[in-house]
Amino acid sequence: MIEFKTKEQHIFTTPVWESMITGVDNQSIKEYAHKLRDKYPGAQISNRGGWQSRADLHKEPALEDLKKQIYNVCKSIFPSMQGIYFQQMWAAVNKKGNYNILHQHGQYMLSGGYYLQVPENSGKVNFRDPRPGALSNWIATSVLRAGEWEGYMPKASDLMIWPAFLDHQVAPSQSDEDRIMISFDLNLRF
């Protein structure tokens, strides 16, 4: 009888990190986002409908507490990290029917979002499998992972961070209430 041992290794995995953040005044950031929306017509980037602020909010004192929390989460994920560089940060408000098309932020190291207000049925964030060859492979789609997409329904005060190369989109909101979030792109120093 032939004996053997099998060792399983996971390669090419793509993490998405989720944290519930405390110590950030969501209400004041929501009010800040609404004031910006009243002053600034908004950018059309990946959003279809909805509103996105200018992308330099990381320079604003109103978001310092949030930036500190993002730093703390990144330091817990990457203990050898020596520094964090916010490259972009913007507010986004989606109303009923608004969504974000498939996109990624590959020129940065990490992307993420902090969710201030997430009504029921306001749209999942969906991530696409970054392995193009896996999408047509039966083992990959039927045994290892079922399907091309993985969806998450965040809650208020959730912080999500993912590798910036990861394709993602936001499903259309079916809610009559606004979905409000702060999005960002980071580079880290090790």
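Among the residues of segment 79-128, those identified as loosely packed, with under 15 Cβ neighbours inside 10 Å, among the small types (Gly, Ala, Ser) and in contact (Cβ under 8 Å) with a residue 60 or more places away in the chain are Ser80, Gly83, Gly97. Residue pairs whose Cβ atoms lie under 8 Å apart, separated by 6 or more positions or on different chains, with the first residue in segment 51-65 and among the charged types (D, E, K, R) and the second at pLDDT 95 or above and exposed (fewer than 15 other Cβ atoms within 10 Å of the Cβ), are Asp65/Asp25. Condition check for Ser76 on (1) open to solvent by 40 Å² or more (accessible area, probe 1.4 Å); (2) touching a Pro at 6+ places or on another chain (Cβ under 7 Å): one failure, at (2). Among residues of segment 1-27 that are among the hydrophobic types (A, V, I, L, M, F, W, C), those with a beta-carbon under 7 Å from a residue that is in a loop (DSSP other than H, G, I, E, B) and surrounded by 10 or more Cβ atoms within 10 Å (Cβ to Cβ) at least six positions away or on a different chain give the pairs Phe12/Arg131; Met20/Ser157; Ile21/Ser157. Of all positions in segment 66-73, none carries a residue that is assigned to a loop (DSSP other than H, G, I, E, B) and either within 19 Å of Asp185 (Cβ to Cβ) or open to solvent by 50 Å² or more (accessible area, probe 1.4 Å) (or both).
Would you confirm whether or not segment 28-50 contains a residue that is assigned to a loop (DSSP other than H, G, I, E, B) and more than 20 Å from the chain's Cα centre (by Cα)? Yes, that holds for at least one residue. Being β-branched (Val, Ile, Thr) and open to solvent by 50 Å² or more (accessible area, probe 1.4 Å) holds for only one residue in Ile21, Ile45, and it is Ile45. Are any residues in segment 108-154 at pLDDT 95 or above, among the polar types (S, T, N, Q) and part of a loop (DSSP other than H, G, I, E, B), and if so, which ones? Within segment 108-154, Asn121, Ser122 qualify.
The values are calculated or read from the model by the stated rules, or taken from the named source; none is laboratory data. For clarity, every value in this text was computed on a predicted model and none was experimentally measured. Methodologically, a virtual Cβ is constructed for each residue, glycine included, from the backbone with ideal geometry; neighbour enumeration extends over all protein chains shown. Surface accessibility is based on the protein's heavy atoms, side chains included, excluding ligands, DNA and RNA. Shrake-Rupley method; radii C 1.70, N 1.55, O 1.52, S 1.80 Å.
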